[in-house]
């Protein structure tokens with residue numbers, strides 16, 4: 001490409017105006033001189049050819065740009081810090097931990113807890129199982145987490161969530177936990193063998209009194225360390241769904257003396273399949289538990 005050639009004749013409109021001739025606009029130097037005058041190598045306020053108003057405008061724009069960029073960096077940093085400061089990743093984290101954002105995450109799925117003051121108090125790692133009895137080392141890891149809500153040195157509720165870390169290629173499962181006796185409430189939704197879809201409610205005489213189970217012993221020890229009394233009789237609500245390649249299981253423990261009523265507990269339980277079925281089948285990766293059926297003075 002040929003370089004731009006400066007014309008020899010001057011623009012009559014520019015004559016005597018101090019602006020460069022037409023041809024000088026085709027060079028960087030011409031643009032610069034049009035704005036700030038001839039190049040000056042010295043320092044100080046006495047530099048010839050500077051346009052004070054233009055320089056002030058440039059400085060203001062530069063400062064505003066830097067300020068906006070800094071604000072964006074600070075805002076992004078605060079969002080990242082806030083997220084990582086409170087999120088509970090069950091795979092990576094260990095109890096006890098406060099659950100300040102009400103969320104428990106296992107693998108790609110996150111469950112939001114009801115309102116309350118929740119602490120992650122127990123954890124267990126295992127492997128999935130299926131009807132073919134495959135070597136467990138080839139199966140996906142499964143994590144179980146216990147979150148407990150406490151107020152005024154009293155257990156308000158407990159939530160136990162069990163999920164596999166990743167999908168497992170299987171059409172039927174060994175587990176058939178819906179085949180139980182004497183529940184307070186039961187609905188199997190006419191689900192087929194090996195693909196249970198089941199809602200259960202039990203009235204338990206006690207909770208966290210036995211030390212035989214290593215998982216629940218963690219929660220029992222945390223209660224003791226916090227000088228919190230055992231909750232006594234509880235309602236235990238269970239919902240689980242075993243589908244092709246996926247499953248999930250949740251237990252909710254509600255102290256009987258804090259429950260609004262037995263009918264309210266049943267109403268709470270009936271909401272769980274609506275809220276969690278797609279979550280357990282991994283058709284969605286986020287879900288929330290419904291509000292707990294607790295008396296107002298128990299919260």
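Every read-out reported here was derived from the displayed coordinates using simple, explicitly stated rules and does not represent laboratory data. Keep in mind the model is a prediction, meaning the values are calculated, not measured. All Cβ positions, glycine included, derive from the backbone under ideal geometry; neighbour counts span all protein chains shown.
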So the FRET efficiency between residue 180 and residue 295, C-beta based with R0 = 25 Å and rounded to 0.05, is 0.30
Residue separation between residue 92 and residue 127 times 0.36 nm, minus their alpha-carbon distance, gives in nm 11.0 nm
One finds, for residue 153 and residue 278 with R0 = 41 angstrom and r their Cβ-Cβ distance, a FRET efficiency to the nearest 0.05 of 0.65
Ranked from fewest to most other Cβ atoms within 10 Å of their own Cβ, 91, 281 fall in the order 91, 281
Packing-ranked peptide list from 109-122, 196-209, highest mean Cβ count within 10 angstrom first, is 109-122, 196-209
Label model pair residue 214, residue 202: point-to-point distance (7 angstrom along the Cα→beta-carbon line) in nm is 2.1 nm
So residue 263 and residue 225, fully extended at 0.36 nm per residue minus their Cα-Cα distance, gain in nm 10.3 nm
